[in-house]
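Peer 1: Sending over a structure as structure tokens; questions will come in a sec.
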Amino acid sequence: MIRTLLRALAFIYFIAFASFGVQATGLIGSRGILPFADYLRAAQASLGTRAYWDVPSVLWLSWRDGALITVWVLGAVCALVAVAGYWQRVALAACLVLWLSLCAVGQDFLSFQWDVLLLEAGFLALFADDSPARVWLFRWLIFRLMFFSGAGKLLSGDPSWRGLTALHYHYETQPLPTPAAWYMDQLPMAFQRVSTAFVLIAEVAVPFLFFAPRRLRRAGAWVTILLQVLILTTGNYTFFNLLTIVLALFLFTEPKRASRTRAHQAVSIALTVFIGATSAMLTLDLFSIRLPPGGAALVHEVAPLRIVNTYGLFTVMTVMRPEIQVEGSKDGEHWLAYEFRYKPGNVFRAPPVVAPYQPRLDWQMWFAALGSYQENRWFSNFMLRLLQGEPSVLRLLEYNPFPSAPPRYIRARIFLYHFTHFGERAWWSRKEEGVYFPAVSLK
């Protein structure tokens, strides 16, 4: 069973590499929104030789776009090799190094929790077998993922979670809802409260079953899988739900106490101590509890590798949905809107079903709308690339209203979006809130 689960993990690696790869040049290429070469150059100037540890990436060897393409293509190939079952551990090790290399330079576009979850799961996969210690490490990972997501919701003090109204807002305000989310949003408040209670129980109470005897542990696994299926039905969360389901499947693995070599036992003990100690330090730090001597140093040194992490999704519920509309103009008076591929724009366009692909620019636009453009430094770079008519960035969009030549001016307005109700022709309604980014030109 372990070998089959490793194949499933390798397939998720393939999704991750391919999904990011087709967008990579526009996001972090030399003419992209956040060029990775500029990031490496700044890290080297600021940190000196320490930069090679703090930004662990094979892209230090070459800062060209060709190297970026080589990394994601090679990662996708290695993932398929592992899926096929050939040189599985070696191929997975290559995937780990290459995915870390991309995450280290991906900046805002590769900073999601599932990106580091894939790294942590990929690290454990290198040592995965059915020995008790290594099976326990996977159970500990899925426990931390689920429990801290639930505990964070309750400890954040967010009234929508404590009042069981979070899902009343969630379907409408999540980054990229699906059509099913529109229908779920129409259901009565009583259903939303029960659903919110189920989420909290599944994330706070159920994870303790992961360490229970077989029957209870498997029941906990099925509850977790059910929750993930419900989430992926109503929202586009890239490969996150699939990865969580694969980790939950490790709960069906029964450890075997067959005799092991001393070297094997030593590695198991070292892994358990390392991951247990590091995750404990991260947990204390997460809840602002004073770390024991040496704890901060351990966290600081391990952090760049992203192989032990903290988790917690939607700990504070977003209760409104602001959306940014980017517009260009030739004369500063008549404005035409750019259309994004997947985020809400045209109110008559249905929400998409796009997972496990992740349109990372569309995702970042959701985060940007929750703050200001000054808080999202990449946004100004994005606007600059539109003024320059950069093809690699324009390919990330659905519609460019200036196909022959870039606009002279660029601006962005902010709108509040809401789901419509049964009987209305559009999927969304919207109301303008004002200017998000003032009109500018290259001059």
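Readers should treat all values here as calculations from the given coordinates under stated rules, not as data from a laboratory. Just so it is clear, the model here is predicted, and its values are computed rather than measured. Virtual Cβ from ideal backbone geometry, glycine too; neighbours counted across all protein chains shown.
Peer 1: Out of these labelled values of Cα extents along the principal axes in Å, (1) 85, 57, 35; (2) 70, 50, 40; (3) 77, 57, 46, which was calculated from the coordinates shown here?
Peer 2: Read-out taken from this structure: (3).
Peer 1: Using a Debye calculation, one point per C-alpha and no hydration shell, please list log10 I(q)/I(0) for the stretch 144-188 at q = 0.13, 0.15, 0.25, 0.30 Å⁻¹ in order.
Peer 2: Log-scaled intensity ratios, in q order: -0.36, -0.47, -0.92, -0.99.
Peer 1: Cross-link candidates for LYS330: which lysines have Cα within less than 20 Å, leaving aside residues fewer than 8 places away along the same chain?
Peer 2: Cα-Cα hits under 20 Å: LYS443.
Peer 1: Counting other beta carbons within 10 Å of each residue's own, what order do GLU120, GLU390 fall into, fewest first?
Peer 2: Details: GLU120 23, GLU390 20.
Least crowded to most crowded, the residues run GLU390, GLU120.
Peer 1: Next question, about the same structure. Based on the Cα coordinates of the stretch 1-111, what is the per residue volume of their convex hull in Å³? Kindly include the intermediate steps, with their values, before the conclusion.
Peer 2: Working: hull volume 10.5 nm³, N = 111.
Given the Cα convex hull of the stretch 1-111, per-residue volume reads 95 Å³.
Peer 1: What is the magnitude of the charge dipole of the chain about its Cα centre, with +1 placed on the Cβ of each Lys and Arg, -1 on the Cβ of each Asp and Glu, and no other charges, expressed in debye to the nearest 20?
Peer 2: Working: 39 positive and 27 negative charges, 220 e Å.
Computed charge dipole of the chain: roughly 1060 debye.
Peer 1: Using only C-alpha atoms and all pairs of different ones, pull out the Kirkwood radius for the stretch 22-181 in Å with one decimal. Could the numbers behind the result be given before it?
Peer 2: Numbers: mean 1/r = 0.0540 Å⁻¹.
By the Kirkwood definition, the hydrodynamic radius is 18.5 Å.
Peer 1: May I pose another question? Using r as the Cβ-Cβ distance of ARG89 and LEU61, and R0 as 25 Å, what FRET efficiency do you calculate, to the nearest 0.05?
Peer 2: Working: r = 24 Å, r/R0 = 0.95.
My answer for the efficiency is 0.55.
Peer 1: Also: Counting helices only, and only those DSSP H runs with n ≥ 4, report the 222 nm mean residue ellipticity of the chain as the sum of -39,500 (n - 2.57) divided by its residues, in deg cm²/dmol to the nearest 500.
Peer 2: Details: 18 runs with 239 residues, N = 443.
-17000 deg cm²/dmol, from helical runs alone.
Peer 1: Another question, if that's okay. How large, in Å, is the stretch 213-259 by the Kirkwood hydrodynamic radius built from its alpha-carbon pairs?
Peer 2: On the way: mean 1/r = 0.0858 Å⁻¹.
Kirkwood hydrodynamic radius for the stretch 213-259: 11.6 Å.
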